[in-house]
Amino acid sequence: MQNWSSFDVSSSLASALLFFSSEHRDKVRLFLTQFRLPMTRTTVTITRMTAAAGTTAYYLWVGTTLGGYDLANMGPFSGTTATVTLPTNGTKIYVRLWTWINGTPLRNDYSYTEARATAGAITSPANGSTLTSASTTLIWNAGSAGTTAYYLWVGTTLGGYDLANMGPFTGTSATVTLPSNGTKIYVRLWTWINGTPLRNDYSYTEAAP
């Protein structure tokens, strides 16, 4: 079984396919195996298990609406698999498999839910707690597959980084030295997943002087 890279069908062919009759239906099954990868893109492999006699090519449309191809417009394929990279934001997507048999296009439609990426999350100290010393080690859970780096912002306002701007980290902990004046501080943990930053916010009270 062979995997294929994606490439666009020409605009003229894509336009022509819009006029194909909905009466034609392909009689084969499409299996899609989705790997849980991070937030903006993930790679899935679409497999067509059997080929009808007279089949000369396959095309794939992937979109956010039924019959749409705003996410991928792929083909022609002569084999029975194709790999497509998709967003991972948990939304519903639609896949249309076109099969060209003896000059006639047949189609089957499918729908799936995209994977959702998960950012790293600080587990220690507990969110909302009071820090016990000026030097604090922050520990977080790893982000989902495809995570390449973490960054920390620490500030006196939400989203601020006037106290610390740290990273990149490839591990899941970092030590930061803060003032000890009993005031509230904010920590933002950025997780960089497949080129896209995700964030989680936390607040703490600094150690007393």
message: Based on this model, can you work out whether residue 120 counts as surrounded by fewer than 19 Cβ atoms within 10 Å (Cβ to Cβ), touching a residue at least 12 places away in the same chain (Cβ under 8 Å) and not hydroxyl-bearing (Ser, Thr, Tyr)?
response: no
Apart from one, (1) over 30 Å from residue 178 (Cβ atoms); (2) surrounded by 21 or more Cβ atoms within 10 Å (Cβ to Cβ); (3) assigned by TED's automatic domain parsing to the domain that holds residue 197 all hold for residue 145; the odd one out is (2)
Restricted to the range 83-109 and to residues being surrounded by fewer than 16 Cβ atoms within 10 Å (Cβ to Cβ) and not polar (S, T, N, Q), the residue nearest to residue 146 (Cα to Cα) is 90
Within the range 63-114, restricting to residues that are of a type in the set (Val, Ile, Thr) and under 23 Å from residue 195 (Cβ atoms), the one that is nearest to the chain's Cα centre (by Cα) is 88
Flagged in the range 49-81 as buried (at least 18 other Cβ atoms within 10 Å of the Cβ), among the hydroxyl-bearing types (Ser, Thr, Tyr) and over 23 Å from residue 102 (Cβ atoms), in numbering order, are 69
*asked:* If I filter the range 123-137 for residues that are in the same structural domain as residue 196 (by TED's automatic domain parsing) and crowded, with 18+ Cβ neighbours inside 10 Å, do I get at least one hit?
replied: yes
The lone condition residue 187 fails out of (1) buried (at least 16 other Cβ atoms within 10 Å of the Cβ); (2) under 23 Å from residue 89 (Cα atoms) is (2)
Filter the range 170-203 for residues that are among the hydrophobic types (A, V, I, L, M, F, W, C) and either under 21 Å from the mean Cα position of the chain (by Cα) or at pLDDT below 95 (or both); the one that is farthest from residue 154 (Cα to Cα) is 193
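The values are calculated or read from the model by the stated rules, or taken from the named source; none is laboratory data. Bear in mind the structure is a predicted one, so any value in this text is a computation, not a measurement. Note that each Cβ is placed from the backbone with ideal geometry, even for glycine, and that neighbours are counted across all protein chains shown.
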